[in-house]
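Below is one structure, written out as structure tokens; the observations come after it.
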Amino acid sequence: QVQLEESGGGLVQAGGSLRLSCAGSGRTLSTYAMGWFRRAPGKEHEFVGAISWRGNTNYADSVKGRFTISRDNAKNTVYLQMSSLKPEGTAGYYCAAGRSYHYTKKYEHEHWGQGTQVTVSS
């Protein structure tokens, strides 16, 4: 069983940047595709992006060009670099392990972290 723990959230002004980390334990993440989702208050989980085990990426249109996902398999960690943040990006951010970086649905991901809160002030 793999455990995931996100970190790096916080308060940032609009236009700013933030890097989130997702550390895995219990099992290597290198065999998983890793996705990032976010959930704003009162809304469903929204796909942000994903990365394959070999580093191929897939992004939602809403973050394309502003967010970058990377992974360090030696550290068993996945990262979400966010720039040009917007107030509508305020949400809990979650990493999740799945079988394909093409998967964009919550139910397609097997393991989830507890999330880290990102608040973007205008």
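The values are calculated or read from the model by the stated rules, or taken from the named source; none is laboratory data. From a predicted model like this one, the values you see are computed outputs, not experimental measurements. Here the Cβ is made from the backbone with ideal geometry for all residues, glycine too, and neighbour counts use every protein chain on show. Note: accessible area is taken over every heavy atom of the protein model, side chains too, but ligands, DNA and RNA are not part of it. Shrake-Rupley method; radii C 1.70, N 1.55, O 1.52, S 1.80 Å.
Quick notes
- Cα-derived Rg to Rh of the stretch 1-116, Kirkwood definition: 0.93
- Accessible surface for S121 stands near 40 Å², nearest 10, in the context of the full protein assembly shown (1.4 Å probe).
- If the segment from D72 to N56 were pulled out straight at 0.36 nm per residue, it would be longer than the present Cα-Cα gap by 4.5 nm.
- At 1.306 mPa s and 10 °C, Stokes D of the stretch 48-90 from Kirkwood alpha-carbon radius, µm² per second: 143
- The chain - percent relative contact order, Cα under 8 Å, separation 6 or more: 36
- Beta bridges per DSSP, both residues in the chain: antiparallel share near 90 percent.
- Percent accessible area from carbon and sulfur atoms, the chain, protein chains only, probe 1.4 Å: 45
- Per-residue extension of 0.36 nm, minus the Cα-Cα distance of R19 and E5, leaves a gain of 3.6 nm for this segment.
- Of all the options G35, G16, G26, the one that moves most in a Gaussian network model of the chain with Cα springs shorter than 10 angstrom is G26.
- Neighbour net charge for E44 - beta-carbon separation under 12 angstrom, K R +1, D E -1: +4
- Surface analysis of the chain yields an accessible area of 52 Å² per residue, using protein heavy atoms and a 1.4 Å probe.
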